[in-house]
Amino acid sequence: MVRRVLISTLLVLAMTSAAWAQSPKVEVAGLFGYTLSDGVSGEPYKAGDGNTYDRVDLKDSMNYGLAFGVFVGPKAQIGFLWRRQPTTVQVAGPSKTTDVADMNIDGYHVYGAYYFGDPDGKVRPYILLGLGATNYGGFSYQTSAGTQTTSGNAQFSSTWGAGVKFYPSPKAGLQFGVQWTPTYIKSDPDGWWCGWYGCYVVSDAQYSNQVEFVGGVTFRF
């Protein structure tokens with residue numbers, strides 16, 4: 001009995017390895033979708049228009065990008081993701097929200113993905129984790145003192161995703177998924193914590209979050 005189980009297991013592994021050896025190893029995808037974005041809060045500031053603002057936010061908008069991945073096993077892939085969200089910077093307060101300027105947000109992440117199902121299956125769910133940076137592009141805006149310009153700023157970020165890919169043909173497919181990209185922006189003092197070793201200022205970290213609904217066309221080589 002044990003011998004039959006061992007032989008069956010080896011046969012399954014051999015067939016899986018043979019199928020993967022003949023499967024495409026490289027994927028290139030064009031991505032597009034929609035992003036839900038938020039910003040961060042700060043100290044109230046009275047602007048030249050007489051209104052008080054205490055938040056900087058980013059408008060929800062379309063996104064697009066590219067992905068390149070290489071399979072390193074039947075279910076494992078490593079690759080690189082670039083996404084761009086053309087958006088609008090807003091300042092908000094208790095009584096008013098004002099558009100400031102248009103800006104691009106670019107995400108650059110190296111990722112690892114795990115795929116479920118048969119390597120040659122027509123439907124393959126996946127999960128992924130990426131590490132890299134989110135770059136907030138520079139922009140110009142108008143004030144009572146004239147035109148002001150701010151430079152771009154890149155911050156470390158991670159990206160977490162899940163989705164499914166459909167392969168109607170061996171060389172091309174479609175993908176649909178969702179990704180969450182939290183980007184650390186700043187920390188605000190949030191009181192004191194006291195313990196055996198003394199007292200310390202506790203900080204409240206603030207993240208700018210992007211939730212991306214992504215579709216794409218995938219080509220396999």
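FYI, it's all coordinate maths here, none of it is from the lab. All of these numbers come straight from a predicted model, not from anything done at the bench. Counting neighbours? That spans all protein chains shown, and the Cβs are built from the backbone with ideal geometry, glycine included.
Structure notes:
- Couplings 3J(HN,Hα) for the stretch 157-166, derived from phi with the Karplus relation 6.51 cos²θ - 1.76 cosθ + 1.60 (θ = phi - 60°), are 8, 10, 9, 10, x, 7, x, 8, 10, 10 Hz, where x marks Gly and Pro.
- Remark: spin-label model distance Ala133-Asp106 equals 1.0 nm, labels positioned 7 Å along the Cα→Cβ axis.
- Percent RCO, i.e. relative contact order, over the stretch 23-220, from Cα pairs under 8 Å lying at least 6 residues apart: 20
- The share of C-alpha pairs in the stretch 23-220 whose separation exceeds 27 Å stands at 43 percent.
- Volume of the convex hull of the stretch 105-168 (Cα atoms only), normalised per residue: 107 Å³.
- Relative intensity, log₁₀ I(q)/I(0), of the stretch 52-98 from a Debye sum that treats every alpha carbon as a point, q = 0.17, 0.25, 0.26, 0.30 Å⁻¹: -0.65, -0.88, -0.90, -1.00
- Each Lys and Arg contributes +1 and each Asp and Glu -1, all at the Cβ; summed about the Cα centre of the stretch 23-220, the dipole is approximately 860 debye.
- Thr88 long-range amide H proximity, modeled H, under 5 Å: Lys59, Met103
- Applying the criteria of a DSSP loop state and at most 15 other Cβ atoms within 10 Å to the chymotrypsin sites (Phe, Trp or Tyr not before Pro) of the stretch 91-150 yields Phe116.
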